[in-house]
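A.B. asks: Quick one: the structure is below, questions incoming.
The values are calculated or read from the model by the stated rules, or taken from the named source; none is laboratory data. Note that the coordinates shown come from a computational prediction; the quantities given were computed from them, not determined experimentally. Cβ placement follows ideal geometry from the backbone for every residue including glycine, while neighbour counts extend to all protein chains displayed. For accessibility, only protein heavy atoms count, side chains too; no ligands or nucleic acids. Shrake-Rupley method; radii C 1.70, N 1.55, O 1.52, S 1.80 Å.
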Amino acid sequence: MSKATLDGAPIAIEDAYQHAAKILGGAKFPVVAGLATDAAGARAAILLAERLRGAYDHLASDQIFNDLDVTRSFGMFITTPAEARARADVVLLVGPGLTEHWPALFERLALGEPARFNDAAPRKILWLGPKRNEAKVEGVEIETIAATPQALPGLLLAIRARVGGRPITLNGAAAKKIDAYAATLKAARFGAVVWSASAIDGLTVEALQGLVTDLNANTRFTGVPIGARGGASGVVQVGGWMTGFPPRTGFGRGYPEHDPWRFDARRLVDSGEADAALWISAHGGEAPAWTRDDVPLITLAPAGAGAARGLYIEVGRPGETHDAVELAQETSSFVLRRATAPSEAPSVAEVIHAISARFSEDVPC
Amino acid sequence: MKPFLFALRQEPSQRHDLSRLTPDRLVGRTQKEIEAIDIGTTKVDAKVGDLFKVRVGDPQVVHFEGGSERFDLLGAKLLPGFAIHVEGDVGARLGRGAQGGTITIAGDAGAFAASGMTGGQIDIGGDCGDFLGAPMAGEIFGMAGGRVVVGGNVGQRAGDRLRRGLIIIEGDAGADLGARAIAGTIIALGATTGRIGYLNKRASLVLAQGGDFGPTYVDCGAHHFTFARLFSRALAEDSRRASRLLSQKLRRFAGDTGVLGKGEILTPV
């Protein structure tokens, strides 16, 4: 049976649904935030935001926009991990912590094995700016260039400059290494860059995609992005097919308006523009990023992540306690993940449906 | 004739879209019609009359007595020949897509000021938020003409994807000034932080304080630039300090060689 608490004290689940409906239904501009859930949960949450004429945002929106802003204002070459695995003879990894953001990275891209369509020649693996000891992987030879997170964007552009034969101010061993990287990239028959928008910012992603664009003038080069946490890539797709927009979209005027600045949930709550918040973090039970604590808050999070303040309703973990459809990093497509440890805890979608069923009649559908 | 006046009655409880209150859109309207204009952005109704005391006057010049950081899109798509003055703060997207005219703000401005502006003049007396002159989500370029002078500090990413026009920042600039700039000129008289002119294609950045511009800005030496002196004279009216900066001997760094390498950063020797 599901559990619920109000300001830390247990309350009956029926009362919790009723209370949540009262908070959200009475709000002038509620925000549905966090949104770390599966496809069904995102669908229910966005529908709820629309019905309440509020806004929706995802907890990893900053990381989402690091990639999405490049896609929509510059352009982006991407492919599936399977394609990179089969064809890439040169793989450039960019940024620290890639194996934390995608633990199956080396195995899925088979970086230790030759590409399938490259006459058994070994793959060349380059890594710009790994964490200390991160690039020491058994059975994989990696040429690294060390870079602090501050120096990485500049070094990446230096590589791009050398690929285009333009001057840079580095000299000596550093310049030699950059030139060697540029030569390897240009000699690729089918190259792939791998990055995580959780490790590098949007401008760096744009610089990287610019490098890929330049390389495509003479060879084939593409990218494999590592999606952000909290089911971000799936939620972006769901938002896209429901409203035409990714997270940070509002329905205040009755139609969806997308504005990454205006509908940032943290800003909405901290500025007092939102007068109620539904916070969803079904994977990790993260806490909201805003600092204000006088805005009525409803938290949907898994067991153990109970909120001391406001209303908390326990939900299951997608793909763990209940079956869930999510966008999978390993296939770049929606997949059904069967529950690994089924439990009675309701899904985010079930809880939102239960709350929605208790709105008074005057909340429009 | 007295200017058109909007006097603030009360602090707004939600963000307001003031794009419908530009002078050209007020011409020929009665006070009653103007008071009934919807400026709300949530399900709570908000009309001009709820928020402002309106006094009809010469629509060429519109005055706002009292502002708020929740007043968005003020002076959006402003046309040449019209003027707006705000005695107070304004919110996001000030002068968004303005095609001409003048906007003066006595207080601070929010994010995305001068976004998509193609002409006209904006003067902000106080500070300005992030993304001054930057494109909105999904747009290919930002500010594409006109002139902006900010008396105070600006936030991050000022001059992002600047296409044409002039931005003068008299205070300090936040991180990543002039990133992805395509062309145009940015003059920063205070301190700068983070990457400067990252992915800059052809824009000119003039900085009062030098710094480390990374491996893709190549030193071209110090020179007396003829054009800078000419430009300096033209700037005298907009900003005396900017004018003085450009009259000096300047060191030129060409870049960003990661992209085209046809842009530059100029700093005094």
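A.B. asks: Taking the criterion of being of a type outside the set (A, V, I, L, M, F, W, C), within 13 Å of chain B (Cβ to nearest Cβ), closer than 26 Å to A:Leu185 by Cα and in contact with a Gly (Cβ under 8 Å, 6 or more places away or on another chain), would at least one residue in region A:249-271 satisfy it?
C.D. replies: No, the conditions are met nowhere in region A:249-271.
A.B. asks: Restricting to region A:2-42, name every residue that is on the phi > 0 side of the Ramachandran plot and surrounded by fewer than 17 Cβ atoms within 10 Å (Cβ to Cβ).
C.D. replies: In the first step, residues of region A:2-42 are kept if they are on the phi > 0 side of the Ramachandran plot; the result is A:7-8, A:34-35.
Passing the criteria: A:Asp7, A:Gly8.
A.B. asks: Can you tell me which residue is nearest to A:Ala151 (Cα to Cα) among those in region A:90-100 that are in contact with a strand residue (DSSP E or B) (Cβ under 6 Å, 6 or more places away or on another chain) and outside any helix (DSSP H, G or I)?
C.D. replies: That would be A:Gly95.
A.B. asks: Checking B:Gly151 against (1) surrounded by fewer than 20 Cβ atoms within 10 Å (Cβ to Cβ); (2) within 11 Å of another protein chain (Cβ to nearest Cβ), only one condition comes out false. Which one?
C.D. replies: That leaves (2) as the condition not met.
A.B. asks: So how many residues does region A:59-87 have that are within 14 Å of chain B (Cβ to nearest Cβ) and in a helix (DSSP H, G or I)?
C.D. replies: 12
A.B. asks: Among the residues of region B:177-203 satisfying the criterion of being outside any loop (DSSP other than H, G, I, E, B) and more than 14 Å from every other protein chain (Cβ to nearest Cβ), which is surrounded by the fewest Cβ atoms within 10 Å (Cβ to Cβ)? Reasoning before the result, please.
C.D. replies: Of all residues in region B:177-203, those outside any loop (DSSP other than H, G, I, E, B) come to B:177, B:185-188, B:193-196.
Narrowing further to those that are more than 14 Å from every other protein chain (Cβ to nearest Cβ): B:185-188.
On the way: B:Thr185: 23, B:Ile186: 29, B:Ile187: 25, B:Ala188: 28.
Looking at residues that are outside any loop (DSSP other than H, G, I, E, B) and more than 14 Å from every other protein chain (Cβ to nearest Cβ), I get B:Thr185.
A.B. asks: In the list B:Ile196, B:Ile167, B:Ile186, which residue meets the criterion of being more than 25 Å from A:Arg262 (Cα to Cα) and either under 12 Å from the mean Cα position of the chain (by Cα) or modelled with pLDDT under 95 (or both)?
C.D. replies: Values: B:Ile196 fails: either under 12 Å from the mean Cα position of the chain (by Cα) or modelled with pLDDT under 95 (or both); B:Ile167 fails: more than 25 Å from A:Arg262 (Cα to Cα).
Answer to the check: B:Ile186.
A.B. asks: Also, quick follow-up: Kindly indicate which of B:Leu8, B:Leu21 is within 26 Å of B:Gly120 (Cα to Cα) and at pLDDT below 95.
C.D. replies: Working: B:Leu8 fails: at pLDDT below 95.
That would be B:Leu21, the only listed residue that is within 26 Å of B:Gly120 (Cα to Cα) and at pLDDT below 95.
A.B. asks: Looking at A:Ala174, A:Ala207, can you tell me which residue is within 14 Å of another protein chain (Cβ to nearest Cβ) and open to solvent by 40 Å² or more (accessible area, probe 1.4 Å)?
C.D. replies: A:Ala174
A.B. asks: So, one more: Select from region A:274-302 the residues that are outside any strand (DSSP E or B) and crowded, with 24+ Cβ neighbours inside 10 Å and list them in ascending order. Talk me through it step by step, then tell me what you get.
C.D. replies: The initial filter retains those residues of region A:274-302 that are outside any strand (DSSP E or B), namely A:274-275, A:282-296, A:302.
The answer is A:Ala274, A:Ala282.
A.B. asks: Being open to solvent by 10 Å² or more (accessible area, probe 1.4 Å) and touching a Ser or Thr at 6+ places or on another chain (Cβ under 7 Å): is that true of B:Asp123 here? Explain how you work it out, then say what you get.
C.D. replies: Working: open to solvent by 10 Å² or more (accessible area, probe 1.4 Å): yes; touching a Ser or Thr at 6+ places or on another chain (Cβ under 7 Å): yes.
Here the answer is yes, as B:Asp123 does meet what is asked.
A.B. asks: Quickly run through region A:103-117 and pick out the residues that are among the aromatic types (Phe, Trp, Tyr) and either touching a Lys or Arg at 6+ places or on another chain (Cβ under 8 Å) or not assigned by TED's automatic domain parsing to the domain that holds A:Ala82 (or both). Step through it out loud before you land on a result.
C.D. replies: Step one: of region A:103-117, the residues among the aromatic types (Phe, Trp, Tyr) are A:106, A:117.
Once the filter is applied, which keeps residues that are among the aromatic types (Phe, Trp, Tyr) and either touching a Lys or Arg at 6+ places or on another chain (Cβ under 8 Å) or not assigned by TED's automatic domain parsing to the domain that holds A:Ala82 (or both), region A:103-117 yields only A:Phe117.
A.B. asks: Pairs needed: first member in region B:146-159, within 10 Å of B:Ala173 (Cβ to Cβ); second member anywhere, at pLDDT below 95 and part of a strand (DSSP E or B); C-beta distance under 8 Å; at least 6 residues apart or different chains.
C.D. replies: Pairs that qualify, where the first residue is within 10 Å of B:Ala173 (Cβ to Cβ) and the partner is at pLDDT below 95 and part of a strand (DSSP E or B), are B:Gln156/B:Gly194.
A.B. asks: Within region B:247-254, can one find any residue that is free of Cβ contacts under 8 Å to residues at least 60 places away in the same chain and either in a helix (DSSP H, G or I) or open to solvent by less than 20 Å² (accessible area, probe 1.4 Å) (or both)?
C.D. replies: Applying the first criterion (free of Cβ contacts under 8 Å to residues at least 60 places away in the same chain) to region B:247-254 yields B:247-254.
Filter once more, keeping what is either in a helix (DSSP H, G or I) or open to solvent by less than 20 Å² (accessible area, probe 1.4 Å) (or both): B:250, B:254.
Among the residues of region B:247-254, at least one is free of Cβ contacts under 8 Å to residues at least 60 places away in the same chain and either in a helix (DSSP H, G or I) or open to solvent by less than 20 Å² (accessible area, probe 1.4 Å) (or both), which makes the answer yes.
A.B. asks: Which one of these is at pLDDT below 95 and not assigned by TED's automatic domain parsing to the domain that holds A:Ser333: A:Ala182, A:Ala192, A:Ala121, A:Ala161? Give the derivation first.
C.D. replies: Details: A:Ala182 fails: at pLDDT below 95; A:Ala192 fails: at pLDDT below 95; A:Ala161 fails: at pLDDT below 95.
Exactly one of A:Ala182, A:Ala192, A:Ala121, A:Ala161 is at pLDDT below 95 and not assigned by TED's automatic domain parsing to the domain that holds A:Ser333, namely A:Ala121.
A.B. asks: Please enumerate the residues belonging to region A:177-204 that are within 12 Å of chain B (Cβ to nearest Cβ) and of a type in the set (Ser, Thr, Tyr).
C.D. replies: Matches in region A:177-204: A:Thr204 only.
A.B. asks: A:Thr213: among the β-branched types (Val, Ile, Thr), open to solvent by 40 Å² or more (accessible area, probe 1.4 Å) and within 14 Å of another protein chain (Cβ to nearest Cβ), yes or no? Walk me through how you get there before you give the answer.
C.D. replies: On the way: among the β-branched types (Val, Ile, Thr): yes; open to solvent by 40 Å² or more (accessible area, probe 1.4 Å): yes; within 14 Å of another protein chain (Cβ to nearest Cβ): yes.
Judged against the criteria, A:Thr213 is a match.
A.B. asks: So B:Asp219 clears everything in (1) acidic (Asp, Glu); (2) surrounded by 20 or more Cβ atoms within 10 Å (Cβ to Cβ); (3) within 14 Å of chain A (Cβ to nearest Cβ) except one condition, right? Which one?
C.D. replies: (2)
A.B. asks: Right, something else. Kindly evaluate A:Thr99 against the criterion of being in contact (Cβ under 8 Å) with a residue 24 or more places away in the chain and in contact with a helix residue (DSSP H, G or I) (Cβ under 6 Å, 6 or more places away or on another chain). Walk me through how you get there before you give the answer.
C.D. replies: Details: in contact (Cβ under 8 Å) with a residue 24 or more places away in the chain: yes; in contact with a helix residue (DSSP H, G or I) (Cβ under 6 Å, 6 or more places away or on another chain): yes.
Spelling it out, A:Thr99 is indeed in contact (Cβ under 8 Å) with a residue 24 or more places away in the chain and in contact with a helix residue (DSSP H, G or I) (Cβ under 6 Å, 6 or more places away or on another chain).
A.B. asks: Need the failing condition index for B:Glu65 against (1) crowded, with 18+ Cβ neighbours inside 10 Å; (2) away from every other protein chain (no Cβ under 14 Å); (3) in contact with a strand residue (DSSP E or B) (Cβ under 6 Å, 6 or more places away or on another chain), just the number.
C.D. replies: Unmet for B:Glu65, out of (1) crowded, with 18+ Cβ neighbours inside 10 Å; (2) away from every other protein chain (no Cβ under 14 Å); (3) in contact with a strand residue (DSSP E or B) (Cβ under 6 Å, 6 or more places away or on another chain): (1).
A.B. asks: Here's a follow-up. Being under 24 Å from A:Arg262 (Cβ atoms), open to solvent by less than 20 Å² (accessible area, probe 1.4 Å) and in a strand (DSSP E or B) is the requirement here; does B:Val206 meet it?
C.D. replies: Values: under 24 Å from A:Arg262 (Cβ atoms): no; open to solvent by less than 20 Å² (accessible area, probe 1.4 Å): yes; in a strand (DSSP E or B): yes.
It is false that B:Val206 is under 24 Å from A:Arg262 (Cβ atoms), open to solvent by less than 20 Å² (accessible area, probe 1.4 Å) and in a strand (DSSP E or B).
A.B. asks: Go through region B:70-123 and give me each residue that's of a type in the set (Ser, Thr, Tyr), away from every other protein chain (no Cβ under 14 Å) and assigned to a loop (DSSP other than H, G, I, E, B). Let's see the steps before the verdict.
C.D. replies: So the first thing to find is which residues in region B:70-123 are of a type in the set (Ser, Thr, Tyr), and the list is B:102, B:104, B:115, B:118.
Then drop every residue that is not away from every other protein chain (no Cβ under 14 Å), which leaves B:102, B:104, B:118.
Matches in region B:70-123: B:Thr118 only.
A.B. asks: Confirm whether A:Gln237 is in a helix (DSSP H, G or I) and either assigned by TED's automatic domain parsing to the domain that holds A:Glu330 or under 10 Å from the mean Cα position of the chain (by Cα) (or both). Reasoning before the result, please.
C.D. replies: Working: in a helix (DSSP H, G or I): yes; either assigned by TED's automatic domain parsing to the domain that holds A:Glu330 or under 10 Å from the mean Cα position of the chain (by Cα) (or both): yes.
Taking the combined requirement at face value, the residue satisfies it.
A.B. asks: Checking the condition more than 14 Å from chain A (Cβ to nearest Cβ), part of a helix (DSSP H, G or I), under 24 Å from B:Asp176 (Cβ atoms) and not aromatic (Phe, Trp, Tyr), which residue from B:Ala234, B:Ala242 passes?
C.D. replies: Working: B:Ala234 fails: under 24 Å from B:Asp176 (Cβ atoms).
Of B:Ala234, B:Ala242, the one residue that is more than 14 Å from chain A (Cβ to nearest Cβ), part of a helix (DSSP H, G or I), under 24 Å from B:Asp176 (Cβ atoms) and not aromatic (Phe, Trp, Tyr) is B:Ala242.
A.B. asks: Something else about it: Can you give me the number of residues within region B:245-261 that are closer than 24 Å to B:Val150 by Cα and either within 11 Å of chain A (Cβ to nearest Cβ) or among the aliphatic types (A, V, I, L, M) (or both)?
C.D. replies: 3
A.B. asks: How do the pairs read when you match residues in region B:75-99 that are closer than 22 Å to B:Arg164 by Cβ and among the aromatic types (Phe, Trp, Tyr) with residues anywhere that are in a loop (DSSP other than H, G, I, E, B) and modelled with pLDDT of 95 or more, using Cβ under 8 Å and keeping only pairs 6 or more apart or on different chains?
C.D. replies: B:Phe82/B:Gly100; B:Phe82/B:Gly101
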